[in-house]
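K.L.:
If you scroll down you'll find the structure; I have some questions about it.
The values are calculated or read from the model by the stated rules, or taken from the named source; none is laboratory data. Keep in mind it's a predicted model, so treat the numbers as computed, not measured. Cβ sites come from the backbone with ideal geometry, for glycine too, and all protein chains shown count toward neighbours.
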Amino acid sequence: MVPADDIEQLVKNTRAETSTATDEQILAAAQSALESAAPAQPNIWRTIMKNRITKFAAAAVILIAVMIGINQFGGSIDGAGVAWGEVLKQVENIPALTFETTVEITFLGTKKFLAKEYVYVAGDYGTRSDIYRNGELFLIKFRLPNKKVAYQIQPKEKRYVRFDLSAEEAAIGRDPDDPRQWLEKILSGDYIEIGPCNINGIDVEGIEARNPEITGESMAMCLWVDVETDLPVRIEIEGEDFEAGKMRPQKIIIDDFQWDVELDPALFEPNIPDDYTEIQPQTQTQPQKEPEVKEPPKILSDDEKRAQIAVKEVARALFQACASKSWDEFSKIWPGLSLNMMQKIYLGGLEIIHIGEPFKTDDSATWHVPYEIELKFETRKRNLHIRYDEATQRYIPRGGL
């Protein structure tokens, strides 16, 4: 019925703000609708409308009824709300953006490790990340696919590592830490809507997702989106993850998004000072103390000494795949392990400081390979466990990463 539709449109246009003129318009439309729907009782309606107090009361009733009707059919009066199907479309083709990532890991109940990363992404140039540990600049990373090269620069040590990217590696799309990779995973899976709330003066609505492919089994992820622009405002990840042999509370916040910004091309020029030393990813820069083992190393047989070389090469290839973010190659080396996005962010672009000599502690098939690697947020020193697989007739990692 057209007059009733006019009433609903009128309420939407007024955003629920009333005045005498508005009331008169609503009453006129309502009167016209009732007359056409019930022509046998026009005089009763006119009699009621002659009383001005009754007139405004009726206007209020009609306005409330229309508001309830609109809300029953979904949405607020002013139409505000996140269109979740449009969020990824909004950001998919944005050429440049910046954001911050904050990582907090709790040790021993109270001690907290804090790392902050400032990320610049530009499709024409590549990616730059400035990483701080406990307030001190620790690492600057560049991935420049057009130049087929990546750099890791450590200002405090005045050294850097250069990685030449193959054509295949350079052709890889966005890094795992590009938030659009996260958005695609979150919005393509199951989630529940939460909110609304306000973040730094921005009205947002959110969703909560638990996706093992992104964060593993024990962590939850929340995405908060601006209700006006449908652009992401914050991603929160919180829970416990296995770290250094124990489940530890972790919290990650990705926020301060600047979408579709102009970035100075100079940001993506490494400009490494002349007094910085280039090191190779596999180079042992100083004598390393091997990780302590509970049992002394076994004296190897001649056959085991020959196998030792192959075992060490498997460890080197595994860490090199992480350094170059070649995850398909990683899966070939360790077919039984599927990394989620969080793990790829931690391991991707690592620096190999040292790989020691493989050893055994008993007559079992397990080899232990001492290693030290520099990750985005920590230095990791452990033993990688490798066993010979009879089915595939090759050595495969089995733990210790």
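K.L.:
How many of the residues making up the range 115-132 are among the small types (Gly, Ala, Ser), part of a strand (DSSP E or B) and over 15 Å from PHE257 (Cα atoms)? Spell out how you get there, then give the answer.
P.N.:
Narrowing the range 115-132 to residues among the small types (Gly, Ala, Ser): 115, 122-123, 126, 129.
This time we only want the ones that are part of a strand (DSSP E or B), so: 115, 122, 126, 129.
Cutting the leftovers down to over 15 Å from PHE257 (Cα atoms) gives us 115, 126.
Result for the range 115-132: 2.
K.L.:
Identify, from the list GLU217, GLU262, the residue that is exposed (fewer than 14 other Cβ atoms within 10 Å of the Cβ), modelled with pLDDT of 90 or more, out of contact with any helix residue (DSSP H, G or I) (no Cβ under 7 Å at 6 or more places or on another chain) and charged (D, E, K, R).
P.N.:
Numbers: GLU217 fails: modelled with pLDDT of 90 or more.
Going through GLU217, GLU262 in turn, just one is exposed (fewer than 14 other Cβ atoms within 10 Å of the Cβ), modelled with pLDDT of 90 or more, out of contact with any helix residue (DSSP H, G or I) (no Cβ under 7 Å at 6 or more places or on another chain) and charged (D, E, K, R): GLU262.
K.L.:
What is the number of the single condition among (1) at pLDDT below 85; (2) of a type in the set (Val, Ile, Thr); (3) under 30 Å from GLU238 (Cβ atoms); (4) in a strand (DSSP E or B) that ILE373 does not meet?
P.N.:
So the condition that ILE373 fails would be (1).
K.L.:
Taking the range 335-346 only, how many residues are closer than 22 Å to TYR395 by Cα and either over 15 Å from the mean Cα position of the chain (by Cα) or basic (Lys, Arg) (or both)? Talk me through it step by step, then tell me what you get.
P.N.:
Initial filter on the range 335-346 (closer than 22 Å to TYR395 by Cα): 335-339.
Those left that are additionally either over 15 Å from the mean Cα position of the chain (by Cα) or basic (Lys, Arg) (or both): 335-338.
Number satisfying all stated conditions: 4.
K.L.:
Something else: Output the residue which, of all residues in the range 304-343 that are among the charged types (D, E, K, R) and touching an Asp or Glu at 6+ places or on another chain (Cβ under 8 Å), is farthest from GLU372 (Cα to Cα). So that I can check it myself, show each step before the final result.
P.N.:
At the first step, the residues of the range 304-343 found to be among the charged types (D, E, K, R) are 304-306, 312-313, 316, 325, 328-329, 332.
If we keep only those that are touching an Asp or Glu at 6+ places or on another chain (Cβ under 8 Å) as well, we get 312, 325.
On the way: LYS312: 13, LYS325: 18 Å.
Step by step, filter the range 304-343, then rank; the result is LYS325.
K.L.:
Another question, then. Of everything in the range 327-361 that's of a type in the set (Val, Ile, Thr) and assigned to a helix (DSSP H, G or I), which residue is surrounded by the most Cβ atoms within 10 Å (Cβ to Cβ)? Outline the logic, then answer.
P.N.:
Narrowing the range 327-361 to residues of a type in the set (Val, Ile, Thr): 333, 345, 352-353, 355, 361.
After this cut, where a residue has to be assigned to a helix (DSSP H, G or I) as well, the list is 333, 345.
On the way: ILE333: 20, ILE345: 23.
Ranking the candidates gives ILE345 first.
K.L.:
Check the range 96-104 and report whether any residue there is touching a residue at least 24 places away in the same chain (Cβ under 8 Å) and charged (D, E, K, R). Steps first, answer last, please.
P.N.:
So in the range 96-104, the residues touching a residue at least 24 places away in the same chain (Cβ under 8 Å) come out as 96-104.
Then drop every residue that is not charged (D, E, K, R), which leaves 100, 104.
Looking through the range 96-104, at least one residue is touching a residue at least 24 places away in the same chain (Cβ under 8 Å) and charged (D, E, K, R).
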